[in-house]
Amino acid sequence: MGKYFGTDGFRGEANINLTVEHAYQVGRFLGWYYGQKSRVTPENPEGRCRVVIGKDTRRSSYMFEYSLVAGLTASGADAFLLHVTTTPSVSYVVRTEEFDCGIMISASHNPYYDNGIKVINGKGEKLEENVIEEIERYLDGEMEEIPFALRDKVGRTVDYAAGRNRYIGYLISIATRSFKNRKVALDCANGSASAIAKNVFDALGAETYVLHNNPNGLNINTDCGSTHIGGLQKFVKDHGCDVGFAYDGDADRCIAVDENGEVVDGDRILYLCGKYMKENGVLVNNTVVTTIMSNFGLYKALDRENICYEKTAVGDKYVYENMVKNGNCLGGEQSGHIIFSKHATTGDGILTSLKVMEVMLEKKESLGKLASEVDIFPQVLKNVRVHDKQLAQDDTRVQEEVAKVTEALGSDGRILLRQSGTEPVVRVMVEAASLELCEKYVEQVIGVMRSQGHVI
């Protein structure tokens with residue numbers, strides 16, 4: 001991770017850690033950088049740099065959009081505005097319509113006062129690390145000043161809502177069956193999905209109910225969406241819906257709710273989609289890509305179905321890197337970032353909900369029945385503030401205690417120590433047959449860390 005850009009773009013509180021000046025400079029750099037690489041094509045007869053921009057519903061997203069556009073056009077790039085849209089739609093438009101890069105203005109599931117700049121390369125993937133390093137050098141004043149475009153070389157701004165509409169059409173085309181007579185509830189988190197999700201489900205014939213679909217710039221992710229699922233659970237039960245889907249602010253993740261109001265998280269979605277794909281001969285390498293934080297119950301269920309799995313570091317970026325490297329076609333996180341590489345290069349919440357619908361309709365089973373095949377293990381995770389994360393985790397006594405817990409759990413659970421990427425914290429996580437056992441073993445390890453003098 002860089003000084004400004006983390007695993008999911010340049011993120012921070014608007015006008016504190018992430019300012020309009022930052023956005024302008026990022027626009028200036030991208031317009032100049034890709035301008036040097038642009039070529040004449042039928043879609044681009046002038047050979048200009050072309051950048052497509054989407055945003056979520058935060059009040060500050062408009063401010064950052066204008067600042068990015070000013071920077072891009074000042075460097076000679078043309079900026080195409082999708083307006084309020086999802087992160088995966090920007091990725092789709094970039095890779096299918098030969099844009100040099102794309103920008104999504106969003107802080108995903110964070111509160112409204114945060115925002116972020118996600119840059120997507122011409123393949124619809126997250127930006128390469130070497131380009132990020134160059135952007136950061138420019139932000140820190142370590143590069144020569146970038147020249148301004150003059151006269152007819154100044155860029156222009158284009159209303160490109162048509163790109164978003166093409167993405168909606170693409171999603172509709174993926175569905176294998178009509179959703180007629182299915183009652184579906186959608187929690188749009190007062191975010192990006194508000195502009196797209198209902199259109200898709202209505203077009204497919206569902207009886208669609210929409211929650212939290214009235215963004216005002218301040219209510220994105222507030223007590224709603226994939227991180228606050230309670231409202232959707234109640235609605236599904238009270239209204240007798242067949243299924244509910246909750247998205248986050250930029251709609252790149254999805255958490256489902258079954259007909260009984262029970263949560264079906266990313267792990268269970270990976271299982272039911274992976275099993276269905278295997279049955280249909282399309283699960284490439286017979287492998288599902290997970291992260292180290294996926295629940296132990298998922299692995300037990302995959303083992304039972306003789307489905308292989310790989311584990312990556314936490315973050316959909318690392319999941320996708322594994323999928324590209326090894327040719328795997330399904331991967332994701334417990335949080336609901338699910339990647340279907342046949343259709344997308346990023347997590348896509350609405351696409352994920354369509355895939356869950358496909359499994360339900362093709363197998364003629366309720367989501368509750370399908371998801372019940374995974375027994376999610378109780379989990380306790382505690383964040384321990386320490387003087388030095390590396391020393392605490394590598395301490396011989398701590399590792400000995402972890403080995404003891406591992407042996408005690410055997411094949412009925414696991415323990416994981418993981419350093420925070422942003423705080424002086426070691427996360428101690430145990431999954432076991434009961435919460436009591438989880439709590440016991442977590443405290444056992446923390447006790448050793450404390451006795452060794454690591455805990456603040």
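The values are calculated or read from the model by the stated rules, or taken from the named source; none is laboratory data. Bear in mind that the values here come from a model prediction, so they are computed numbers and not experimental data. Using ideal geometry, Cβ is built from the backbone for each residue, glycine included, and neighbour counts are taken over all protein chains shown.
Worth pointing out:
- Residue identified as in the same structural domain as residue 232 (by TED's automatic domain parsing) and without any contact (Cβ under 8 Å) to a residue 12 or more places away in the chain among 297, 266, 281: 281
- When residue 16 is tested against (1) within 30 Å of residue 420 (Cβ to Cβ); (2) crowded, with 20+ Cβ neighbours inside 10 Å; (3) among the aliphatic types (A, V, I, L, M), exactly one condition is not met: (2).
- Looking only at region 320-344, and only at residues there that are of a type outside the set (Gly, Ala, Ser), under 12 Å from the mean Cα position of the chain (by Cα) and surrounded by 24 or more Cβ atoms within 10 Å (Cβ to Cβ), the one that is nearest to residue 283 (Cα to Cα): 339
Condition check ((1) in a loop (DSSP other than H, G, I, E, B); (2) in contact with a Gly (Cβ under 6 Å, 6 or more places away or on another chain)) across all residues:
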| residue | (1), (2) |
| --- | --- |
| 63 | no, no |
| 68 | no, yes |
| 71 | no, yes |
| 90 | no, yes |
| 95 | no, yes |
| 98 | yes, no |
| 107 | yes, yes |
| 112 | yes, no |
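- Set 260, 328, 322: member being modelled with pLDDT of 95 or more, assigned to a helix (DSSP H, G or I) and assigned by TED's automatic domain parsing to the domain that holds residue 200: 322
Results for (1) buried (at least 20 other Cβ atoms within 10 Å of the Cβ); (2) of a type outside the set (Asp, Glu); (3) in a helix (DSSP H, G or I), shown as yes or no for each residue.
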{"position": "370", "(1), (2), (3)": "yes, yes, yes"}
{"position": "373", "(1), (2), (3)": "no, no, no"}
{"position": "406", "(1), (2), (3)": "no, yes, yes"}
{"position": "433", "(1), (2), (3)": "no, yes, no"}
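- A count restricted to region 186-208 and to residues that are under 16 Å from the mean Cα position of the chain (by Cα) and under 10 Å from residue 86 (Cβ atoms) stands at 3.
- Residue that is modelled with the lowest pLDDT, among those in region 26-50 that are of a type outside the set (D, E, K, R), buried (at least 20 other Cβ atoms within 10 Å of the Cβ) and not in a loop (DSSP other than H, G, I, E, B): 35
- When the residues of region 158-173 are filtered to those that are surrounded by fewer than 17 Cβ atoms within 10 Å (Cβ to Cβ) and not small (Gly, Ala, Ser), the one that is farthest from residue 22 (Cα to Cα) is 172.
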